[in-house]
Amino acid sequence: MALDQETRTQLIDGVARFVRDRLVPIEDEVATNDRVPDAIVAEMRDLGLFGLSIPPEYGGLGLTMEEEVLVCLELGRTSPAFRSVIGTNVGIGSQGIVMFGNDAQKDEWLPKIASGEVIASFCLTEPGAGSDAASLKTTAIRDGNDFVVNGTKRYITNAGKAGMFTLMARTNPGNKGAGGISAFIVPAHLKGITVSKPERKMGQQGAHIHDVIFEDCRVPADMMLGREGEGFKVAMQVLDRGRIHISAVCVGVAERLLADSVRYANEREQFGQRIGEFQLIQAMLAESKTESYAARSMVLDAARKRDRGEPHSLEASCCKLFASEMVGRVADRAVQIYGGSGYVTDYGVERFYRDVRIFRLYEGTSEIQKIVIARNLMRQAD
Ligand code: COS
């Protein structure tokens, strides 16, 4: 159920204040140290950010998708690494349980995920299965009351801190396609799980990705999420939702970069006037505004569609495609408007330029979004 107007305003204002007063001032420090301070994580817990999408009966805020988008628009106004701290609990790590978990699974995991006591992580991607997720090779073979899991998952966000994994594995090796895959909740403390050291990456320092290696890891059969053979659909529906969430973050970052660009254009003088007086600079500002406004409108529309219980896979992919590409262009223009300073670390613009590159890759590349959109169009026309 949607929040009443007053509570919604309080929440969004509270997040906006937290971003402005607590996160923006330490963006550079977090990037340099590759670490979000524990005190900040504790404040995120207190604000309820880990439980944005978890139903209130399990201790979360139970936001609608539209409300979650509004929060993400605010969270996007700082380094995306901060959003990543809560991202998997709010999205891909928890939503399999919210959508497909049975009562016992929900009772056990959701309150701890909502409070941030447990970090939830999503294990789909493998060394040989990125965009072609249905070709994943990790197996989960039934043995008595357990499934025995073997395989390697790659680039798994928050795996180093995870208390549980939502795992997609092949329970029927005879079926090499999507139908052979099942989803599981896997407590991170089980024997046979190794998490590698974090990868070094282009941007979003402070957010970490790891390999997760399963070797004869025995997962109790009652940890299966949904029905056997339906794990791919669990993953796809989790991703449909996640793509709206990520799109909102892209819009938030774009709005931040545009605000910074406008401020700089108003201050910086060349040829005896503020650079914002030049029409070529104005054109860049206008293009960034138009595109971020379009993306904002799309994301809110897709979120409302989901809230109404309507199919939204196509719209989620349209948003992810447009918003992630859009923020790349906005970041590029921001560097251009800042000129040489845009390339210098102290100004932070080059950091955002690197940070946003991942948006076109994770939770489905731009090319995958185009496939999803086109297939949906063709199916609708059938
Ligand atoms: N919701 C529900 N079910 C879905 C679905 C969705 N959004 N998308 C696909 N399915 C179902 C299909 O209906 C099909 O079921 P049936 O066999 O019962 O008809 C099944 O899943 C297989 O779908 P499809 O044939 O489309 O699978 P493909 O192997 O062709 O791949 C893509 C589909 C490419 C869209 C998928 O692999 C994908 O999204 N890849 C990107 C993965 C990704 O985002 N990775 C990021 C990792 S997380 S950071």
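The values are calculated or read from the model by the stated rules, or taken from the named source; none is laboratory data. Note that the coordinates shown come from a computational prediction; the quantities given were computed from them, not determined experimentally. Counting neighbours? That spans all protein chains shown, and the Cβs are built from the backbone with ideal geometry, glycine included.
Remarks
- Residues that are under 20 Å from the mean Cα position of the chain (by Cα) and assigned to a strand (DSSP E or B), drawn from segment 187-209: ILE209
- LYS197 being at pLDDT 95 or above, within 16 Å of the ligand (Cβ to nearest atom) and surrounded by fewer than 22 Cβ atoms within 10 Å (Cβ to Cβ): no
- Residue in segment 369-382 that is surrounded by the fewest Cβ atoms within 10 Å (Cβ to Cβ), counting only those that are touching a helix residue (DSSP H, G or I) at 6+ places or on another chain (Cβ under 8 Å) and under 14 Å from MET236 (Cα atoms): ASN376
- Residue list for segment 145-173, restricted to those being of a type in the set (D, E, K, R) and within 26 Å of the chain's Cα centre (by Cα): LYS153, ARG154, LYS161, ARG170
- The residues of segment 340-368 that are exposed (fewer than 14 other Cβ atoms within 10 Å of the Cβ) and either not hydrophobic (A, V, I, L, M, F, W, C) or not assigned by TED's automatic domain parsing to the domain that holds GLU269 (or both), listed by number, are GLY340, TYR343, THR345, ASP346, GLU367.
- Subset of segment 113-159 (residues that are on the phi > 0 side of the Ramachandran plot and among the small types (Gly, Ala, Ser)): GLY116, GLY144, GLY151
- Whether a residue is crowded, with 17+ Cβ neighbours inside 10 Å and touching a residue at least 60 places away in the same chain (Cβ under 8 Å) was assessed, and PHE18 does not pass this test.
- Filtering segment 220-239 for residues that are away from the ligand (no atom under 14 Å from the Cβ), over 30 Å from LEU285 (Cβ atoms) and β-branched (Val, Ile, Thr) leaves an empty set.
- Selected residue (criterion: nearest to VAL36 (Cα to Cα)) from residues of segment 118-161 that are within 14 Å of the ligand (Cβ to nearest atom), in contact (Cβ under 8 Å) with a residue 40 or more places away in the chain and aliphatic (A, V, I, L, M): ALA159
- Across segment 172-181, the number of residues qualifying as farther than 18 Å from ILE97 by Cβ and in contact with a strand residue (DSSP E or B) (Cβ under 9 Å, 6 or more places away or on another chain) comes to 5.
- Long-range neighbours under 7 Å by Cβ, at least six apart or interchain, first residue in a loop (DSSP other than H, G, I, E, B) within segment 34-53, second among the hydroxyl-bearing types (Ser, Thr, Tyr): SER53/SER94
- Pick from segment 340-379, criterion assigned to a helix (DSSP H, G or I) and among the acidic types (Asp, Glu), ranking: nearest to MET284 (Cα to Cα): GLU350
- Single residue of segment 354-377 satisfying the filter (farther than 15 Å from ARG243 by Cβ and touching a residue at least 40 places away in the same chain (Cβ under 8 Å)) that is farthest from the ligand (Cβ to nearest atom): ARG354
- Those residues of segment 273-323 which are within 16 Å of the ligand (Cβ to nearest atom) and surrounded by fewer than 21 Cβ atoms within 10 Å (Cβ to Cβ), in sequence order: LYS305, GLY309, GLU310, PRO311, SER313, LEU314
- Hits in segment 168-178 (condition: more than 15 Å from MET236 (Cβ to Cβ) and either in contact with a Gly (Cβ under 7 Å, 6 or more places away or on another chain) or away from the ligand (no atom under 11 Å from the Cβ) (or both)): ALA169, ARG170, THR171, ASN172, PRO173, GLY174
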